[in-house]
1. Just how far, in whole angstrom, is the range 99-113 from the range 11-89 if you go by their alpha carbon centroids?
2. Between T80 and D20, what is the FRET efficiency for a Förster distance of 22 Å, r being their Cβ-Cβ separation, to the nearest 0.05?
3. Given a Förster radius of 25 Å and the C-beta distance between M122 and D66 as r, what FRET efficiency does 1/(1 + (r/R0)^6) yield to the nearest 0.05?
4. So for H12, H29, fewest C-beta neighbours within 10 Å to most, what's the order?
5. Determine, for F100, F39, the number of other Cβ atoms within 10 Å of each Cβ, and report the residues in order from fewest to most.
6. For a bin width of 10 Å, list the pair-distance distribution of the chain built from all Cα-Cα distances, rounded to whole %.
7. Provide, for q = 0.16, 0.29 Å⁻¹, the log10 of I(q)/I(0) from a solvent-free Debye sum over equal Cα point scatterers in the range 57-99.
8. Got a sec? How would D28, D5 order by Cβ neighbour count within 10 Å, fewest to most?
Amino acid sequence: MTPGDRKYSKSHEWVKITGDLAVVGITDHAQTALGDITFVDLPAIGTQVEAGTECGAIESVKAASDLCAPVSGKVVEVNTALEKAPEKINKNPYEDGWLFKLKGVNAEQANSLMGASDYDAMAEAEGGH
């Protein structure tokens, strides 16, 4: 079930905004398509990321995939637990498997992303669940 409390990008990242902090991760659809995740390359703290641009990578037993920022902002925290346990993304991509946190996010930019039902329809059309 895709959580309704966040927004989704066409490249299968999610963003959940609470106050001035935005948490970013990949969707359940994305982690299922990737298979067992073996390595995550996250942006460095202090990096300014731009919406729709590459800011890291996720590697799995099947493939390597670019990680794109769903919104622009400054990286203020990364999920260091993923360095030793990248499989957390497979187990729970919406909670323990978050990737990084941003500050200075433009709410209008986030509002232009898809809601859960629109994302599910897109993923289904791509041959998802």
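Here, each number is a calculation from the coordinates, and none is a lab measurement. Predicted model, so just to flag it, every value in this text is computed and none were measured. As a convention, Cβ positions derive from the backbone with ideal geometry for all residues, glycine included, and neighbour counts pool all protein chains shown.
1. 13 Å
2. That gives a FRET efficiency of 0.50.
3. Once rounded, the FRET efficiency stands at 0.90.
4. Ordered from fewest to most neighbouring Cβ atoms within 10 Å, H12, H29 come out as H29, H12.
5. The most exposed by this proxy come first: F39, F100.
6. Using 10 Å bins, I get a P(r) of 14, 49, 34, 4 for the chain.
7. Calculated log10 I(q)/I(0) at the listed q: -0.47, -1.24.
8. With the fewest neighbours first, D28, D5 line up as D5, D28.
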